[in-house]
């Protein structure tokens with residue numbers, strides 16, 4: 001039986017990407033080496049490095065006002081780098097809390113400089129996104145949001161709805177899933193392991209006026225240093241960037257970010273319909289207006305029923321459906337590489353499970 | 001013509017490792033996925049994660065007093081993490097300068113806390129290793145050395161010869177190339193891309209009493225946090241660690257670190273003999289007692305002759321021999337995965353080139 005995966009990340013990459021990488025495994029462009037065995041200072045790797053940046057620019061329509069960086073350390077390192085680089089004297093970093101990852105981002109900022117919560121969804125157990133209240137921006141170093149919340153399964157419905165002079169977003173779990181206006185953002189960061197590629201590389205998009213030189217920031221943690229060196233200040237994660245480039249190429253071939261959004265909406269609709277048409281057998285975790293197109297979270301009536309569902313789903317070939325260890329429940333992560341067919345098969349299984357045990 | 005690579009890193013991995021990874025590409029342990037597509041919280045990945053640590057412990061005979069961590073960001077991130085975590089109040093970090101990388105490490109430490117140079121080889125243009133002068137250690141946070149200097153081609157001949165209560169070593173370019181006593185070290189770090197695997201993962205070996213909790217250190221930059229979470233605080237670079245584990249397994253199968261040292265000595269001897277027997281046509285960059293077994297650096301009489309040598313060597317299938325852009329000359333990097341045969345072929349080419357043009 002073929003397995004179908006709905007993992008929260010790292011997760012499945014597009015089959016076409018895996019086939020291409022396998023084909024190029026032994027002998028990249030007649031060099032007799034895999035690309036990971038090439039020097040990062042050589043032309044062979046350099047062209048991939050630049051190609052990946054250009055593809056990212058084209059897919060997200062990134063304006064010339066912004067730089068694209070490839071770093072390491074995932075979103076967790078960005079939780080520290082953002083405040084280290086962007087909190088300046090007399091300014092306060094503002095955080096919007098919409099789940100565990102924004103809580104973590106805020107906690108790290110507090111270690112580094114003046115930081116405050118502007119609004120939080122915690123009182124609803126992160127079932128809904130909070131109302132954004134805009135006050136004066138004058139003393140803000142930046143406003144930090146998390147575009148999609150993998151653990152609770154919520155997502156800001158419109159990335160163009162925010163308005164702040166220095167808007168910072170953790171888009172780790174939904175970058176490239178839908179179009180938005182990059183020009184509205186000061187800084188965007190995304191660990192690759194959901195929609196961009198394998199774990200080990202982090203994409204950062206930063207408005208150039210925020211690239212600040214500072215003697216007190218360690219070089220490796222300075223956006224300015226990485227931008228000056230075109231993300232070749234230190235040895236980049238060569239193979240992860242190679243795969244990221246292939247994933248971006250795949251997106252281009254599929255029709256770009258607009259097509260990703262069309263598919264993602266349809267996939268999510270398939271699963272949310274299965275939940276909403278179950279007469280309460282399945283209960284969506286988040287309120288409908290806060291629901292994520294990337295992570296579909298739901299509950300059954302009891303934890304025992306949820307354990308049964310997980311067990312039975314695995315027996316039917318579905319993997320990765322267990323909710324995050326911190327909240328439990330069921331979670332189907334349906335990033336760009338997950339197909340409509342997989343979602344339909346899961347929806348069919350949900351119906352089958354309900355018919356069998358829902359009496 | 002088959003190409004032979006002598007790159008300074010990233011560089012070639014053992015052929016057996018590349019074959020095994022290719023074989024497991026599509027379907028790791030009957031999961032239908034590549035290991036990079038697996039969740040880092042799942043049993044499939046977790047067992048590799050722990051296996052790699054155990055292998056590292058066994059190969060280097062790491063005592064229970066020390067932890068093994070797998071991080072990201074390369075040696076460059078360690079240049080910042082080491083002083084952030086180890087410089088405490090009233091203590092000064094001491095640096096031994098033996099080349100460009102130790103200069104960089106020192107420069108970063110100065111940004112973070114009290115740091116001093118104890119001794120430097122700079123006055124000899126790093127052709128020789130400086131004499132170590134031991135004074136009182138009482139005010140030292142640690143003593144930092146670079147075990148092998150890739151750019152100049154020098155290497156401390158005996159890693160057991162240092163004596164300091166908190167000895168810290170950057171072993172990025174020679175870890176696993178020879179046995180030494182880990183117990184003498186407080187902290188060892190190594191970017192993987194020379195002897196351990198592909199770029200994207202960094203091994204850290206740290207004595208447990210140095211794992212210090214601190215509110216002021218960002219979590220992702222705290223050794224304590226990574227140790228507490230068994231290097232799973234954030235998503236690890238899954239595929240890089242998988243390959244690192246295969247490289248360690250390969251070393252085991254070849255006979256361990258002792259066998260690596262035996263081979264490395266023979267390989268280096270082959271090339272240094274070619275230099276020393278050339279009646280001055282080739283001149284070793286470093287003094288004989290400082291010579292590296294990993295990076296064999298030498299010059300010809302003129303820069304023009306060196307350019308000619310590089311060009312002709314490529315025509316004969318030898319790649320990666322150009323010295324580092326900061327110092328020029330010729331450099332043959334002969335890490336663990338480079339074979340004795342490759343070194344003999346290069347030595348033969350050197351003789352051939354001298355006979356042809358050395359009149």
field: Only one of B:98, B:88, B:92 that is at pLDDT below 95 and in contact with a strand residue (DSSP E or B) (Cβ under 7 Å, 6 or more places away or on another chain)
entry: B:88
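In the range A:328-342, what count of residues is obtained for those that are closer than 27 Å to residue A:302 by Cα and in contact with a helix residue (DSSP H, G or I) (Cβ under 9 Å, 6 or more places away or on another chain)?
Within the range A:328-342, the first condition is being closer than 27 Å to residue A:302 by Cα, and the residues that meet it are A:328-334, A:342.
Now restrict to residues that are in contact with a helix residue (DSSP H, G or I) (Cβ under 9 Å, 6 or more places away or on another chain): A:328-330, A:332, A:334, A:342.
So the count comes out to 6.
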message: Among the residues in the range B:9-27, are any touching a residue at least 12 places away in the same chain (Cβ under 8 Å) and closer than 30 Å to residue A:217 by Cα?
response: yes
field: Which listed residue is closer than 27 Å to residue B:92 by Cβ, touching a strand residue (DSSP E or B) at 6+ places or on another chain (Cβ under 6 Å) and more than 12 Å from chain A (Cβ to nearest Cβ), from B:154, B:183, B:147
entry: B:147
- request: Please work out which residue is farthest from residue A:80 (Cα to Cα), limiting yourself to the range B:215-224 and to residues that are assigned to a loop (DSSP other than H, G, I, E, B) and at pLDDT 95 or above.
  value: B:222
query: Out of all the residues in the range A:4-36, which are at the interface with another protein chain (Cβ under 8 Å from one of its Cβ atoms), part of a loop (DSSP other than H, G, I, E, B) and exposed (fewer than 15 other Cβ atoms within 10 Å of the Cβ)?
result: A:26
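Name the one entry in B:329, B:323 that is under 19 Å from the mean Cα position of the chain (by Cα) and closer than 25 Å to residue B:99 by Cα. Even if it seems obvious, please write down each step before you answer.
Working: B:329 fails: under 19 Å from the mean Cα position of the chain (by Cα).
So the residue among B:329, B:323 that is under 19 Å from the mean Cα position of the chain (by Cα) and closer than 25 Å to residue B:99 by Cα is B:323.
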field: The lone exception for residue B:108 - which of (1) more than 15 Å from residue B:217 (Cα to Cα); (2) more than 22 Å from the chain's Cα centre (by Cα) it fails
entry: (2)
query: Of these, B:325, B:307, which one is out of contact with any helix residue (DSSP H, G or I) (no Cβ under 9 Å at 6 or more places or on another chain), modelled with pLDDT of 95 or more and not in a strand (DSSP E or B)?
result: B:307
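For residue B:227, are the conditions met, namely being more than 9 Å from chain A (Cβ to nearest Cβ) and part of a helix (DSSP H, G or I)? Give the derivation first.
On the way: more than 9 Å from chain A (Cβ to nearest Cβ): yes; part of a helix (DSSP H, G or I): yes.
Against the criterion (more than 9 Å from chain A (Cβ to nearest Cβ) and part of a helix (DSSP H, G or I)), residue B:227 qualifies.
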field: Qualifying positions in the range A:271-287 - more than 21 Å from residue A:335 (Cβ to Cβ) and either surrounded by fewer than 13 Cβ atoms within 10 Å (Cβ to Cβ) or out of contact with any strand residue (DSSP E or B) (no Cβ under 6 Å at 6 or more places or on another chain) (or both)
entry: A:276, A:277, A:278, A:279, A:280, A:281, A:287
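Which ones in the range B:37-81 are in a helix (DSSP H, G or I) and closer than 30 Å to residue A:217 by Cα? First the steps, then the outcome.
Just the residues of the range B:37-81 that are in a helix (DSSP H, G or I), to begin with: B:37, B:43-60, B:74-81.
B:74, B:75, B:76, B:77, B:78, B:79, B:80, B:81, listed by residue number.
Could you say which residue among B:201, B:238 is facing another protein chain (nearest Cβ under 10 Å), closer than 30 Å to residue A:34 by Cα and either touching a strand residue (DSSP E or B) at 6+ places or on another chain (Cβ under 6 Å) or at pLDDT below 95 (or both)? Before the answer, list the steps.
Numbers: B:238 fails: either touching a strand residue (DSSP E or B) at 6+ places or on another chain (Cβ under 6 Å) or at pLDDT below 95 (or both).
Just a single option satisfies the conditions, and that option is B:201.
Does any residue of the range B:93-112 turn out to be outside any helix (DSSP H, G or I), surrounded by fewer than 17 Cβ atoms within 10 Å (Cβ to Cβ) and outside the structural domain of residue B:297 (by TED's automatic domain parsing)? Show your work before the answer.
Of the residues in the range B:93-112, the ones outside any helix (DSSP H, G or I) are B:93-99.
When the remaining residues are screened for being surrounded by fewer than 17 Cβ atoms within 10 Å (Cβ to Cβ), the result is none.
For the range B:93-112, residues outside any helix (DSSP H, G or I), surrounded by fewer than 17 Cβ atoms within 10 Å (Cβ to Cβ) and outside the structural domain of residue B:297 (by TED's automatic domain parsing): absent.
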statement: Flagged in the range B:123-136 as out of contact with any helix residue (DSSP H, G or I) (no Cβ under 6 Å at 6 or more places or on another chain) and either part of a strand (DSSP E or B) or surrounded by 14 or more Cβ atoms within 10 Å (Cβ to Cβ) (or both), in numbering order, are B:124, B:126, B:127, B:130, B:132
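Mind telling me which of the residues B:80, B:109, B:141 ends up being in contact (Cβ under 8 Å) with a residue 24 or more places away in the chain, touching a strand residue (DSSP E or B) at 6+ places or on another chain (Cβ under 7 Å) and within 11 Å of chain A (Cβ to nearest Cβ)? If you could, list the steps in order and put the result at the bottom.
On the way: B:80 fails: touching a strand residue (DSSP E or B) at 6+ places or on another chain (Cβ under 7 Å); B:141 fails: within 11 Å of chain A (Cβ to nearest Cβ).
Of B:80, B:109, B:141, the one residue that is in contact (Cβ under 8 Å) with a residue 24 or more places away in the chain, touching a strand residue (DSSP E or B) at 6+ places or on another chain (Cβ under 7 Å) and within 11 Å of chain A (Cβ to nearest Cβ) is B:109.
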Sole exception among (1) within 9 Å of chain B (Cβ to nearest Cβ); (2) within 26 Å of residue A:10 (Cα to Cα) for residue A:218, by number: (2)
- prompt: Which of the following residues is outside the structural domain of residue B:54 (by TED's automatic domain parsing) and surrounded by 19 or more Cβ atoms within 10 Å (Cβ to Cβ): B:300, B:248, B:244?
  reply: B:300
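The values are calculated or read from the model by the stated rules, or taken from the named source; none is laboratory data. The shown structure was predicted, so the numbers you read here are calculated from the model rather than taken from an experiment. Here Cβ is always computed from backbone atoms with ideal geometry, including for glycine, and neighbour counts include all displayed protein chains.
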